[in-house]
Amino acid sequence: MYIENLDLKFIQPCTTDSNRIRIKGSFSRSIEDLFPYLNTYLKTAIYNKKAGTLTFNHGPKIIIMYKEEVAVSKLLNETDAFETLDYIKSIINDCADKIDKITPNEDMRRLPSPIDVYEFLPKINCGKCGVATCLAFSTKLINGSFKPNRCVHLVEKGNEENKEEVEKIVLMLGYDLQ
């Protein structure tokens, strides 16, 4: 086991959402040497070698790993905090177990933006998805609030290629299609 413990250091109200909490946890050892491997293992992580951080989302939660600690925001409650720490610990240990099969990547990846999704949408601003514009739909899709099939025009016959491209982006961000 690469890390034995991931201990909760503190819980505070979340600065971005008053109904949620944020936490910090400390690793039982430095994970700095795993960052390039975790960057490959976690398809949507952003590794910043210069800052010594690896950032990724787990649902609405924002997780920032440092070499000796982790910060997580947008947690529901204390139970969610402990479950998320267990999830992070399992990711690290699983990655370490598979290290000989993972090609390390030190590049900082660029995640898709709402504009990248918008490119494949019908751009008719019909509002049938529940928001006023296709760009607003793109934003909701990128942050995981909407699924691609919520755009009725995207799933129409003749839009198969665009739908496929949008679905690729959604999957790359780590979201489910349904």
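The values are calculated or read from the model by the stated rules, or taken from the named source; none is laboratory data. On a predicted model such as this, the values are computed, not experimentally measured, just so you know. Cβ: placed from backbone, ideal geometry, glycine included. Neighbour counts: every protein chain shown.
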Legend entry - Any hit, the stretch 134-142, residues being surrounded by fewer than 17 Cβ atoms within 10 Å (Cβ to Cβ), out of contact with any Lys or Arg (no Cβ under 8 Å at 6 or more places or on another chain) and not assigned by TED's automatic domain parsing to the domain that holds N48: yes
Inset, instruction - Mind telling me which of the residues L85, L111, L121 ends up being in contact with a Leu (Cβ under 6 Å, 6 or more places away or on another chain) and either over 25 Å from L154 (Cα atoms) or in a loop (DSSP other than H, G, I, E, B) (or both)? - result: L85
Inset, instruction - Within the stretch 28-39, count every residue that is closer than 12 Å to I91 by Cα and among the polar types (S, T, N, Q). - result: 1
Inset, instruction - State all residues of the stretch 33-76 that are hydrophobic (A, V, I, L, M, F, W, C) and over 17 Å from I102 (Cα atoms); if no residue qualifies, say none. - result: A51, F56, I62, I63, I64, M65, V70, A71, V72, L75, L76
Legend entry - Residues of the stretch 22-53 classified as modelled with pLDDT under 95, of a type in the set (A, V, I, L, M) and surrounded by 14 or more Cβ atoms within 10 Å (Cβ to Cβ), total: 3
Inset, instruction - Determine whether the stretch 23-34 contains at least one residue that is touching a Leu at 6+ places or on another chain (Cβ under 6 Å), part of a loop (DSSP other than H, G, I, E, B) and touching a residue at least 12 places away in the same chain (Cβ under 8 Å). - result: no
Legend entry - Conditions (1) part of a strand (DSSP E or B); (2) in contact with a Cys (Cβ under 8 Å, 6 or more places away or on another chain); (3) among the hydroxyl-bearing types (S, T, Y): number failed by Y47: (2)
